[in-house]
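The values are calculated or read from the model by the stated rules, or taken from the named source; none is laboratory data. No experiment lies behind these values; they were computed from the predicted model shown. Because the Cβ atoms are built from the backbone with ideal geometry, glycine has one as well, and the counts that use them run over all protein chains shown. Remember, those area values only see protein heavy atoms, side chains included, never the ligands or the DNA or RNA. Shrake-Rupley method; radii C 1.70, N 1.55, O 1.52, S 1.80 Å.
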Amino acid sequence: PELLSWLAQKYENLNMDTAKEFYQMAGDDLGLVRLALVEENDIDTAVAIAEQSSKTEVAKQVATHLESAGDIRRALFLYSGSGMYKDAIRIAKEHEMCSELVQVALDANNQHQMMECASWLEDRGEVGKAAQLQAGGGNQSKALELIVRSDSGPDPELNRLFAAIIDDLDVNGLTDSDVSTYARRFLESDEGDNAFAFLCKACGDRHEVFESFAALCQERGQHRLASKCYAKTGDKLSSLKCLVRTKETKTIIAFAKAARMKEAYEIAAAYLQTLPSWSQNEQTINTIVLFLSKAKSYEKLVEVYESLAHMCIDESEDFEKALDLFTKGATYAEKIEDAYRRASMRRHFERQ
């Protein structure tokens, strides 16, 4: 190989193609990249040779040339790809290439370098990126602290990292403040299900934490999640009230049936009467009547039938159907336990 390289040098001034052939036969990648860079100014060829070469000095020469020429990104990747992580980290810092710095430090898999790069990023306000390196270096508690501080906006990679750390976390040593902070971080990332799962894992039956988080969810408009939290504490009415805000009719009806509480039946019935054209939907009317009957809310049943009767008159002038509805309402009026209210309702229907 040494003789072939010597012949290649001799032919450089005579026949460039022959010189290249000798360098190739000698396996002299350093000679090939020198020709490409110095004699032909063919940077792409030099980079391709360096990427395929097993010799670090070849990549070093090409990367140094790229760096001098201002082609920083390709220089960084060549340094990193050839295992020259110190040089890759150096130019990433010099040129404020924060995302690239994270990747290089992770690829280097050197704890000292990760921690040093993490500190550098944190000093420059790149808290989320610093967290990735702290986690990569095994400092999970510092990574959690940084992620909670991060305000980088939607960041799927950071969210996955946070979820992974939380999943492995020993929750026994967490304070209520820690639990609330981490649950809030999930909520801010639109990961309500993860927040609830974490609360269930960390809190057990500590209802006050769920109640506090439910209130926060309501403030943020996360009514379904608030409902789940209230249900966890056994507060069925607050849970149902939150569900009503979601306007998920089937879920509201199912919840009221399962709760079997007077107030729950009344809340669900009131919600159903806010639906568009509820008075034209026989199934909705039947459900309202069923709920109010189970709740023994006879005054509310009277009001429902009276409303339906007036709508029959106003919308279709169907006086016969309206009379039938008034009659049903009067029947329920007779079931009112309070004598004064019952007499009052009776007089009211006599005036209709």
* Ignoring ligands, DNA and RNA, what percent of the accessible area of the stretch 109-165 is carbon or sulfur (1.4 Å)? -> 44 percent
* To do: Give me the accessible area per residue for the stretch 206-324, probe 1.4 Å, as a whole number in Å².
  => 55 Å²
* **Count of Lys pairs (Cα-Cα under 13 Å; at least 8 positions apart or interchain) in the stretch 119-273** => 6
* To do: Can you sort ASP107, ASP170 by 1.4 Å-probe accessible area, starting with the largest?
  => ASP170, ASP107
* In the stretch 49-104, what percent of the accessible surface is made up of carbon and sulfur (1.4 Å probe, ligands and nucleic acids excluded)? -> 48 percent
* Evaluate the charge dipole of the stretch 172-261 about its Cα centre and quote only its size in Debye, nearest 20, assuming +1 on the Cβ of each Lys and Arg and -1 on the Cβ of each Asp and Glu. => 560 debye
* Asked: If you project the alpha carbons of the stretch 144-189 onto the principal axes, what extent comes out on each, in Å, largest first?
  -> 29, 18, 16
* Using the heavy atoms of the protein chains alone and a 1.4 angstrom probe, what is the accessible area of the stretch 57-186 per residue in square angstrom? -> 48 Å²
* Asked: Which of the GluC sites (Glu not before Pro) found in the stretch 107-173 are in a DSSP loop and have at most 15 neighbouring Cβ atoms, other than their own, within 10 Å?
  -> none
* Expressed as a whole percentage, what fraction of the accessible surface of the stretch 200-298 belongs to carbon and sulfur atoms when a 1.4 Å probe is rolled over the protein heavy atoms? -> 48 percent
* Leaving ligands, DNA and RNA out of it, work out the accessible area of HIS65 with a 1.4 Å probe and give it in Å² to the nearest 10. => 60 Å²
* Structure fact -> For GLU315 the rounded accessible area (nearest 10 Å², probe 1.4 Å, non-protein molecules ignored) is 120 Å²
